[in-house]
Structures are given as structure tokens and as C-alpha cells.
Amino acid sequence: MTAPPLVLQWGRERYIIKYDYKDLRDTTLGQFKEVCREVTGVPSNGMKLIFSGATMKDDKSPLAFYGIYPGALVKLIGRKEGTEKGVPVTQEEREENALIHKIDDITNEATDTLTSRMQAFLADAQLYIDQFASGGMDGVDDKALHEIKQTERKKLYESYTYVNETLMQYMLRLDGIVCSPEAEKARQRRRQAIRQLQAWMEQMDRKRDSVKQSEITISQ
């Protein structure tokens, strides 16, 4: 199973970092700061990294120590050396910044709404496969096993349907944001947001297909 990417948010910018569970156990906060420095240009000794409202401080501790999981959102506070906070100077810049703000709001809402639901579905689906495809329920009589399986299967598909339909709604909202050809930053941000939602959708589909394949294997 491919783990969902870690999302690094720096102001209005978002960066996708492909860390799986092993990476999170092996990568220290100090090492992660260097990755953040490379992608943002913010000095590692001048940045603050926040997860779940708490500032991470011990550079020697692995990311997993802070409870970070694949697909989590980590916020970075800091700015590049020698730069000042910019302000829009033209109407076009103000309009583009407003579009970027709207795109980010949708992406943040999707992340907050769906991350925990997606993680729960992936974990429950794997448990369903392990229990019903590997003989993990041996010793349970056939009737009881069938009832348990049907109940768990119904929960899984309800969860999948909710996440999938909600992702589609966010995709439609992003598609509905009209960016002029000149608003290249906004257009790029919208493409990044759509790719992120598509990656989540594909991950959900792959796990759903794994469940279906396990059921075919059982019936053979």
C-alpha cells in the first residue's frame, strides 16, 4: 500500500513530501528541517514546525515521536533570509492572491475533513482483508461469520463512498475556480491541489480494489 504524502504548509505555499511510515520513524526533526530548508529556502535555524497545534522542538527525535503520520499536515513558520513580507502592488496581484487564498481554503478544508476518515478506512480495510482472507476468524461458525463480514463490509463501503463523494465535491469546487491565463501562480496552485485530491482518491480506490480481490480469492 502506498502511503499518502506528507503535506508541508508554509504560508500560502504547499509542498508534497513522500514519506512513508518507515521514513517517519527514521527521520529526525533536524533532518526534516533540512528537507524543509531545501524546498522553501527558509534557514533551518530560523524556522518553526508545528503539528496539531504544538511546536516540535527536539531535533534529535524522529517525526513519528510527535505523532506525525503519512498524509498529515505540518505547518512551517519562518521566512527566507534577506526577504521582506511582500504586498500586492497591482490589481492583478490582489486578484491572484485572492484566488490562491480561495484554493488554499478548499485544500485546507479537505485535509481537515478527510485525513482522519481516509486513515480509518485504510486501516479498517486492511483489517477486513486480514480477518476474512487469511483465516483470522477461524473458530467462528459460518452464520455468525457471514453476519460479521456483512456488517464490516457495509461499514467499509459506506466509509469509502463518503470519502470518495466528498473528494469529488472538493474537486468540483476547485474546478469551478476560474484563473486567467496571466494568473500563473494561482493556476499552478490549483493544479497542485487537484493532484493532491486525485492522489487521495486513487489510494482509496486501490484499497477498495484490494478488498474486492480478497473476496474473490475467498470465494475460489
Determine the dipole magnitude for the chain: charges of +1 sit on the beta-carbon of Lys and Arg, -1 on that of Asp and Glu, nothing else is charged, the reference point is the Cα centre, and the result goes in debye to the nearest 20. 440 debye
How much length, in nm to one decimal, is gained on full extension between Asp58 and Glu92, taken as 0.36 nm per residue of separation minus their Cα-Cα distance? 8.0 nm
For the stretch 6-77, what Kirkwood radius comes out of the mean inverse Cα-Cα distance, in Å? 11.9 Å
For the charge dipole of the chain, defined by +1 on Lys and Arg C-beta atoms and -1 on Asp and Glu C-beta atoms about the Cα centroid, which residue among Ile106, Met171, Gln203 has the Cα displaced farthest towards the positive pole? Ile106
Got a sec? Charge dipole of the chain, +1 on Cβ for Lys and Arg, -1 for Asp and Glu; which of Tyr162, Pro5, Gln131 is way out at the positive end? Pro5
Tell me the label-point distance for the pair Thr161, Glu109, using the 7 Å Cα-to-Cβ offset, in nm and rounded to one decimal. 2.4 nm
To the nearest 500 deg cm²/dmol, what mean residue ellipticity at 222 nm is calculated for the chain from DSSP H runs of n ≥ 4 alone, each contributing -39,500 (n - 2.57), summed and divided by the residues? -21000 deg cm²/dmol
Report the dimensions of the chain along its three principal axes from the alpha-carbon atoms, largest first, rounded to Å. 71, 44, 25
Positive end of the charge dipole of the chain (Lys, Arg +1 and Asp, Glu -1 on Cβ, about the Cα centre): tell me which of Leu122, Pro62, Tyr21 has its Cα farthest that way. Pro62
What fraction of the DSSP beta bridges in the chain is antiparallel, stated in percent and rounded to the nearest 5? 75 percent
Output for the stretch 91-219 (equivalent-ellipsoid semi-axes, sqrt of 5λ from the C-alpha gyration tensor, Å, descending) is 42, 12, 10
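Values quoted throughout were computed directly from the atomic coordinates according to the rules given, and no laboratory measurement underlies them. Computed from a predicted model, the values in this text were never measured in an experiment. Counting neighbours? That spans all protein chains shown, and the Cβs are built from the backbone with ideal geometry, glycine included.
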